[in-house]
Every structure is written in structure tokens, then in C-alpha cells.
Amino acid sequence: MDRKYNIRIPRSNVKFLILVLLIIIFSEIAFLTKPWGVSEKAVKSGGDEEIISKALNKCKNYDSFGQSACWYDELEETIKNNGLDVAYKLYEKLYLTELIFAQDCHGFTHLIGGAAFQKYTNNQDFPVTSGVAYCSYGFFHGFIEAMMAKNGNLDQARNFCDYIEKRMVGETWTIPSCMHGIGHGVADGSDPRAWGDVFAVINPGLELCEEVGNTEYDTKLCGTGVFNALAIM
């Protein structure tokens, strides 16, 4: 069945592809360096200060590379032992107090998004807060990557986007970033045999974007994720 919004890129239009990649690269740099939504109020709310303090102290004596690895491990352990709500608070505290963490915060949100997927796929509740918007919505990239790794497909992707959107009504609009995350995830998980052939890498993702997009806007946002992943490659 022909789709109304066909965004496949013909092989002959290489100049157009290069232009799109350049636009995405520069816009991504601007977007990733902008702080999103982390506040002192969020960090101070609730308990769990002792857990957060121990995690910070454990990592303070490492060099910059060692600290990043330590913070990742502490976030992972906090998710496992104390839940996503406490992990959000640890993340927020690190963002506010550690410059190196803040500069690479997008990658850390992938971890939280992946953990949320595990909850979602097991039909377990998990906290949905404004934290899904932190650091260029890395939460959605992590969720999609985890889905691809476990299922090899993105059959649940649109359902998840709608689930988060309903939970965040009145606070933030998440559908655009979730759509972007779908495109990003499917390109990242492309068949290794396609590497080296730009069109073999991007066209499966663009086809999926046409399937999951309820509107032309959704479809195009998903497509930006495909090209973003390609630009990073």
C-alpha cells in the first residue's frame, strides 16, 4: 500500500543528503549543549540524600575518565537497588554539581531510558517525570536502543510514545522527541552488512517512520532521528 508521506531518499540526490546531514549535525550540537529542566528544587525534594551522597563520594577521587565510568556504575546500581525515582535524583545532583557529567549528560540518560524499557516490557510501573526531557531527551534514545537490543524490532515503539505522552499531559510534549528516538534507534540498530552503504542504512528507518507516524509532522521528526544517527556514524 502506498503511503502518503514517502521520505525515502533516492540514490541520485546525494547533494540533498549531505545538506540534511550538515543541518542536523550543527543543530544537534546546539541542542545537546543546552541544559534542560534540572533544578535544585527537584534534587532536594524527597529523601534518599544519603544514597546520593554515598554515590558522589565514591566517585570524587577518580580522574575525569574514571569518574564518568564510576558515575555510570553508580547510576546503574541505584536503578537496580533503589529504583528509577532515586536514580533521577542522583542524575539531577550530578548535573548540578559536576561539569564533566553535565557536558556528557545525554549519554547517561540513555541508561535511565533503557531501565524504563525493562519496566515497561514487564508491565511494571515506573516514574514518568520531567526527567524524560533532560539533556536532549536521551531517555527516548536509550529506550529505543534497549527495545531494539531485546526484540530486534520496534513494534512497541509507538505505544510507548503514546503512554509517555498521556502520563505527561500538561507538563511537556514528548511525542516529537519520542518519534526522533525511534528513527535514531532503528538506524543505530541497522544490519552491520549495510554499513558502508548510506542508503541501505537509512531506508529501513525511513520506511518505519512512515509506519509509526500518525501525521506528516511525526513522520518527518522520526526521519530526523535516522539522519542524526547517520551523522554520528
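The values are calculated or read from the model by the stated rules, or taken from the named source; none is laboratory data. Keep in mind it's a predicted model, so treat the numbers as computed, not measured. Ideal geometry is used to build each Cβ from the backbone, glycine not excepted, and the neighbour counts take in all protein chains shown. Side chains included, ligands, DNA and RNA excluded: accessible areas come from the protein's heavy atoms. Shrake-Rupley method; radii C 1.70, N 1.55, O 1.52, S 1.80 Å.
If R167 passes every condition in (1) open to solvent by 60 Å² or more (accessible area, probe 1.4 Å); (2) more than 28 Å from P127 (Cα to Cα) but one, which one does it miss?
(2)
Between a first residue in the stretch 187-206 that is under 18 Å from M147 (Cα atoms) and open to solvent by 20 Å² or more (accessible area, probe 1.4 Å) and a second residue that is part of a loop (DSSP other than H, G, I, E, B) and hydroxyl-bearing (S, T, Y), which pairs have beta carbons less than 6 Å apart while being 6 or more apart in sequence or on different chains?
Correct list of pairs: empty, since none qualify.
So if I check each of D155, D188, which one is among the charged types (D, E, K, R) and under 19 Å from M233 (Cα atoms)?
D188
So which residues in the stretch 61-116 are of a type in the set (D, E), at pLDDT 90 or above, part of a helix (DSSP H, G or I) and out of contact with any helix residue (DSSP H, G or I) (no Cβ under 6 Å at 6 or more places or on another chain)?
Of everything in the stretch 61-116, those that are of a type in the set (D, E), at pLDDT 90 or above, part of a helix (DSSP H, G or I) and out of contact with any helix residue (DSSP H, G or I) (no Cβ under 6 Å at 6 or more places or on another chain) turn out to be D73, E76, E77.
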